[in-house]
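Here's the structure, in C-alpha cells; my notes come after.
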Amino acid sequence: MTRETGCAVDPASEHGRWELYQAAFGSLDLLHGALAHEPDAALRTSVLLRVLERVDDHARWLELAPRDEYVRRRSREIGVLRRAVGLAPTEADFAVWSDWLQLRLAAIPSHDLLTALARGGRTKRIRRTAAATLRTMPD
C-alpha cells in the first residue's frame, strides 16, 4: 500500500499505518483491503469511523468489524444524521443518541429538531450549539 499511496512510512508502526490509511482515502477499495488485515482493533475502528461518514454502503465496511458494537452504533447514528432535516420531534431520542450525534444534529438547520436539542440536549455544549444555530435561522 505504501507504493500505491506514495506515502513512505513504517508499516510496522500504528502511526505509520494510520498515515497510510489517511493517504488511501482516495482509493476505498485499497483501503478496504488493507483494513481487512489490520491487526490493531483500535486503529481499525478509528479508520472505520472516518470511512462510514464518507460512504453510503456501510454493510461492506461493517464486515471488517463484525463484533464491534461501537462501529455499528456509529453507522446507525450516521443514518439518523443523514435524514436529520426530515426528523420529526417525536423521533428525537436523546437518551439513546450519543453526544457525537447530538452535537452534529445541533448544527443542522431544522427548526423543530434544534428547538428540541436546545431544550433537551444531553450536554450544555449541545444545548448551546443548538440554540446558536436556531438563532441563525430565519423566522
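The values are calculated or read from the model by the stated rules, or taken from the named source; none is laboratory data. From a predicted model like this one, the values you see are computed outputs, not experimental measurements. Cβ placement follows ideal geometry from the backbone for every residue including glycine, while neighbour counts extend to all protein chains displayed. Surface areas here come from the heavy atoms of the whole protein model, side chains and all, with no ligands, DNA or RNA. Shrake-Rupley method; radii C 1.70, N 1.55, O 1.52, S 1.80 Å.
Laid out as a table, the results:
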{"quantity": "Projected-area average for the chain over all orientations - Cα convex hull basis, square nanometres", "calculated": "9.9"}
{"quantity": "Carbon/sulfur fraction of accessible area - the chain, other protein chains in place, 1.4 Å, %", "calculated": "51"}
{"quantity": "Mean Cβ neighbour count within 10 Å, used as a protection proxy, ranking 86-99, 25-38, 109-122 highest first", "calculated": "109-122, 25-38, 86-99"}
{"quantity": "Cα-based convex hull volume of the stretch 21-74 per residue, rounded to whole Å³", "calculated": "73"}
{"quantity": "Derived scalar couplings ³J(HN,Hα) [the stretch 109-126; Karplus, 6.51 cos²θ - 1.76 cosθ + 1.60; whole Hz; x for Gly, Pro]", "calculated": "x, 10, 3, 5, 5, 5, 4, 5, 5, 5, 8, x, x, 5, 10, 4, 4, 5"}
{"quantity": "Probe 1.4 Å, accessible area per residue of the chain, Å²", "calculated": "58"}
{"quantity": "Value of relative contact order over the chain, rounded to a whole percent, pairs C-alpha under 8 Å and six or more apart", "calculated": "13"}
{"quantity": "Residue-wise HN-Hα coupling along the stretch 70-75, computed from phi with Karplus coefficients 6.51, -1.76, 1.60 (Hz; x: Gly, Pro)", "calculated": "4, 5, 5, 5, 4, 4"}
{"quantity": "Linear extension gain, Tyr70 paired with Ser27, 0.36 nm per residue minus alpha-carbon span", "calculated": "13.0 nm"}
{"quantity": "Accessible surface, 1.4 Å probe, highest first, among residues Ile78, Ile108", "calculated": "Ile108, Ile78"}
{"quantity": "In order through the stretch 12-23: 3J(HN,Hα) via Karplus (6.51 cos²θ - 1.76 cosθ + 1.60), integer Hz, x for Gly, Pro", "calculated": "7, 9, 4, 5, x, 5, 4, 4, 4, 4, 4, 5"}
